[in-house]
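For reference, the structure discussed in these notes is given below.
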Amino acid sequence: MKTFKALGALLAYPTQELIEALPDLYAAIVEDALVPRPQRDELKPLLHWMSGQDLLDLEEQYVELFDRGRATSLHLFEHVHGESRDRGQAMVDLKQLYQSAGLQLAPHELPDFLPAILEYLSFRPLPEVNDMIGDFAHILRSVGAQLRKRRSGYAAVLAAVLAAAGEAQFDEASAQPVAEKSMDEEWAEEPVIFGPAAAPACGKPTTPLR
């Protein structure tokens, strides 16, 4: 399924190659027809904006948005484990899951980076994809709501991922007040099985998001 790889690419660090590939990425999303029309239409302003930006400005805005705070981090384990040692073991488990599927991470790319997860899912059967996204959908909704609150077009990508997996959407009002309550506390009683073994029949190793 090209859709999830394309959506992951839209969330990756911007490069000239990415900008040039934007029409092809959107065409792949349309071709798969996993993302409903309303969410596809929401992607268009983001693509137009990205294509019209100076690359250096785009890079700077990307870093400011995704690398300067936890609320909009695209490293999913950071929302659950923070910088605790539990995150390290979760990383190892997830990397082994990728390797078992023949996926090799790019140098310096962490396994819990959302674009890497979406690339992995692009090679998996749709029921498994839906189960795995369902495991961390609450994180996507929180990040997406924060992005929408900041008037970022990247919120449309999170909405498209959720829609493609049949998950509920988010709105600005659902943004987690992370300054008042940490995400570790917010989801302390909501353990998540991160991987295809969330469905027992899959018989794969599990990596808990807890």
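Matching residues to (1) at pLDDT 85 or above; (2) surrounded by 15 or more Cβ atoms within 10 Å (Cβ to Cβ); (3) among the basic types (Lys, Arg):
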| residue | (1), (2), (3) |
| --- | --- |
| Leu11 | yes, yes, no |
| Leu22 | yes, yes, no |
| Ile29 | yes, yes, no |
| Ala33 | yes, no, no |
| Leu43 | yes, yes, no |
| Ala71 | yes, yes, no |
| Arg87 | no, yes, yes |
| Ala101 | no, no, no |
Requested in this report: Please verify whether region 38-55 includes one or more residues that are of a type in the set (Asp, Glu), touching a residue at least 60 places away in the same chain (Cβ under 8 Å) and not in a loop (DSSP other than H, G, I, E, B).
Outcome: yes
Query raised in the report: Would it be correct to say that Val92 is more than 20 Å from Phe4 (Cβ to Cβ), part of a helix (DSSP H, G or I) and touching a residue at least 40 places away in the same chain (Cβ under 8 Å)?
Result: no
Report summary line: Scanning region 130-154 residue by residue, those assigned to a helix (DSSP H, G or I), touching a residue at least 40 places away in the same chain (Cβ under 8 Å) and small (Gly, Ala, Ser) turn out to be Gly134, Ser142
Query raised in the report: So, of the residues in region 56-69 that are outside any helix (DSSP H, G or I) and surrounded by 12 or more Cβ atoms within 10 Å (Cβ to Cβ), which turns out to be modelled with the lowest pLDDT?
Result: Gly69
Query raised in the report: Within region 173-181, can one find any residue that is at pLDDT below 95, of a type in the set (D, E, K, R) and assigned to a loop (DSSP other than H, G, I, E, B)?
Result: yes
Report summary line: Residue pairs within 8 Å by beta carbon, gap of at least six or interchain, first lying in region 1-21 and closer than 16 Å to Ala106 by Cβ, second hydroxyl-bearing (Ser, Thr, Tyr) and assigned to a helix (DSSP H, G or I), listed first then second, are Tyr13/Tyr62; Pro14/Tyr62
Query raised in the report: From the list Glu59, Glu20, Glu42, which residue is among the acidic types (Asp, Glu) and under 17 Å from the mean Cα position of the chain (by Cα)?
Result: Glu42
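The values are calculated or read from the model by the stated rules, or taken from the named source; none is laboratory data. All of these numbers come straight from a predicted model, not from anything done at the bench. Counting neighbours? That spans all protein chains shown, and the Cβs are built from the backbone with ideal geometry, glycine included.
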